[in-house]
1. Please count how many residues of region 75-122 are among the hydroxyl-bearing types (Ser, Thr, Tyr) and either without any contact (Cβ under 8 Å) to a residue 12 or more places away in the chain or over 23 Å from GLU143 (Cα atoms) (or both).
2. Filter region 106-134 down to the residues that are out of contact with any Ser or Thr (no Cβ under 7 Å at 6 or more places or on another chain) and farther than 18 Å from THR52 by Cβ and list them by number.
3. Please determine, by comparing only the residues of region 144-177 that are of a type in the set (A, V, I, L, M) and at pLDDT below 90, which one is farthest from the chain's Cα centre (by Cα).
4. Please go through (1) closer than 15 Å to GLY53 by Cα; (2) surrounded by 22 or more Cβ atoms within 10 Å (Cβ to Cβ) for ILE137 and return the number of the only condition it doesn't satisfy.
5. Could you check region 42-53 and list, in sequence order, the residues that are closer than 17 Å to THR103 by Cβ and surrounded by fewer than 19 Cβ atoms within 10 Å (Cβ to Cβ)?
6. Considering only strands (runs of 3 or more DSSP E) fully contained in region 46-143, which possess at least 2 residues that are modelled with pLDDT of 95 or more, touching a strand residue (DSSP E or B) at 6+ places or on another chain (Cβ under 9 Å) and not aliphatic (A, V, I, L, M)?
7. Being small (Gly, Ala, Ser) and closer than 14 Å to GLU66 by Cβ is the filter here, so list the residues in region 89-117 that pass it.
8. Specify which of the listed residues (SER72, SER63) is without any contact (Cβ under 8 Å) to a residue 24 or more places away in the chain, surrounded by 12 or more Cβ atoms within 10 Å (Cβ to Cβ) and at negative phi.
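The values are calculated or read from the model by the stated rules, or taken from the named source; none is laboratory data. Just so it is clear, the model here is predicted, and its values are computed rather than measured. A quick note on method: Cβ atoms are made from the backbone with ideal geometry, for glycine too, and the neighbour counts reach across all protein chains shown.
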Amino acid sequence: MNISIIKKTLPVVTIVLAVGGISGCDSDNKNNKMSAYTQQKKQQFKQETTLTGQVSNKKGPISQGEIKATDSQGKLVASTTLKDDSHFAITIPAGTELPVILTFYPDEQAEGVEKMISVVVYSSMTQYDINDLTTLIAKKAKEMGGYTHNNMVLAAESTVHVPDANKTTTGFRGDPTKQYGGWH
């Protein structure tokens, strides 16, 4: 896998992993840790929100194609077109329930470029890249039963290698500023 894709995707993946480990940071709430995963409230965008990111694959940035945002039932909620730039901005209407699936459809003339996805499961985050790794994580989460917080965390953990020395039963240890973007 191209190292530049991993470097660009790692901050997004670490945020997914970080959110999964946050409940573990609260040692007074050990019994409720799993209930936070299983009793997840339905989230939605309370106000119109613009999501931004970059589309790339193993070969590098992709600057031609279309991005469609759909809800969990496949209903189109927004779309945008890439025109000579791999960066995108797509506005999600207020009241849209999560998860939102961002699907990149390559331009018809693009050879060797495939459809890719990224899944939005947090209304507070607005940066979502679309690439081979986000597609792999989304596919694994769907195989696990759907695009839930828990499934996305488990899929990301099984996709991205984190050294065992930096794992604990409740999350990660070490210097988070240097290793994981300061999220702990």
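1. Count: 6.
2. Once the filter is applied, which keeps residues that are out of contact with any Ser or Thr (no Cβ under 7 Å at 6 or more places or on another chain) and farther than 18 Å from THR52 by Cβ, region 106-134 yields PRO106, ASP107, GLU108, GLN109, ALA110, GLU111, GLY112, VAL113, GLU114, ASP132.
3. Keep residues of region 144-177 that are of a type in the set (A, V, I, L, M), which gives 144, 152-156, 160, 162, 165.
Next, only the ones that are at pLDDT below 90 stay: 160, 162, 165.
Details: VAL160: 13, VAL162: 17, ALA165: 24 Å.
Within region 144-177, the match that is farthest from the chain's Cα centre (by Cα) is ALA165.
4. The single condition ILE137 does not satisfy is (1).
5. Once the filter is applied, which keeps residues that are closer than 17 Å to THR103 by Cβ and surrounded by fewer than 19 Cβ atoms within 10 Å (Cβ to Cβ), region 42-53 yields only THR52.
6. In region 46-143, the matching strands (runs of 3 or more DSSP E) lie at 49-54, 64-70, 76-83, 87-92, 100-106.
7. Scanning region 89-117 gives ALA89, ALA110.
8. On the way: SER72 fails: without any contact (Cβ under 8 Å) to a residue 24 or more places away in the chain.
Just one listed residue meets the conditions, SER63.
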